[in-house]
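A quick write-up on the structure given underneath.
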Amino acid sequence: MQRPNFQVRRSRIHGRGLFALSACPARRKLGELGGEIITEREARRRARAAGESIKIVEFGDGTALDATRAGGPFGYVNHSCEPNAFMRRYKGHVEFYALRRVEAGEEVTCDYGETHHEGKLPCRCGSPKCNGRL
Ligand SMILES: [Zn+2]
């Protein structure tokens, strides 16, 4: 079975998002995001300096991935409190997997968990289970 195709386009959640162009079964690998592995402390310093435009994934073990300069469509995955995908660190990058079946045309979303926004950013994921904050 071939890898599903994705498109980056305007999202109702935030800025631009990543959308599946074809359906994808649960647990299938969707893609990956590369970048630079840095300490969590350095990640927070960069986030304070760059604001919202920075793409950082924190792993909760004191390290983080700065994917700001890495490019690629998976940098556009938005947060949702009721996501259809999850991410997993694998060596120096992050892999994205489908949490459930993702339908064609659906936006791919992840639960970011703890973020450098520290709950200061309003969440607009639109889910009935929304926490309201990021
Ligand atoms: Zn939400």
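The values are calculated or read from the model by the stated rules, or taken from the named source; none is laboratory data. No experiment lies behind these values; they were computed from the predicted model shown. Methodologically, a virtual Cβ is constructed for each residue, glycine included, from the backbone with ideal geometry; neighbour enumeration extends over all protein chains shown. Note: accessible area is taken over every heavy atom of the protein model, side chains too, but ligands, DNA and RNA are not part of it. Shrake-Rupley method; radii C 1.70, N 1.55, O 1.52, S 1.80 Å.
Things worth noting here:
- Where strands (runs of 3 or more DSSP E) sit wholly within the stretch 19-134, those with at least 3 residues that are within 12 Å of the chain's Cα centre (by Cα) occupy 29-33, 56-58, 85-90, 93-98.
- Flag for residue 109 being open to solvent by 50 Å² or more (accessible area, probe 1.4 Å), of a type in the set (Val, Ile, Thr) and in contact with a Ser or Thr (Cβ under 9 Å, 6 or more places away or on another chain): no
- Options 85, 70, 50; residue that is at pLDDT 90 or above and either among the small types (Gly, Ala, Ser) or exposed (fewer than 15 other Cβ atoms within 10 Å of the Cβ) (or both): 85
- Criterion applied to 10, 28, 16, 3 was being surrounded by fewer than 18 Cβ atoms within 10 Å (Cβ to Cβ) and at pLDDT below 90, and the one residue passing it is 3.
- Tallying residues that are modelled with pLDDT of 90 or more, among the small types (Gly, Ala, Ser) and more than 12 Å from the ligand (Cβ to nearest atom) within the stretch 105-134 yields 1.
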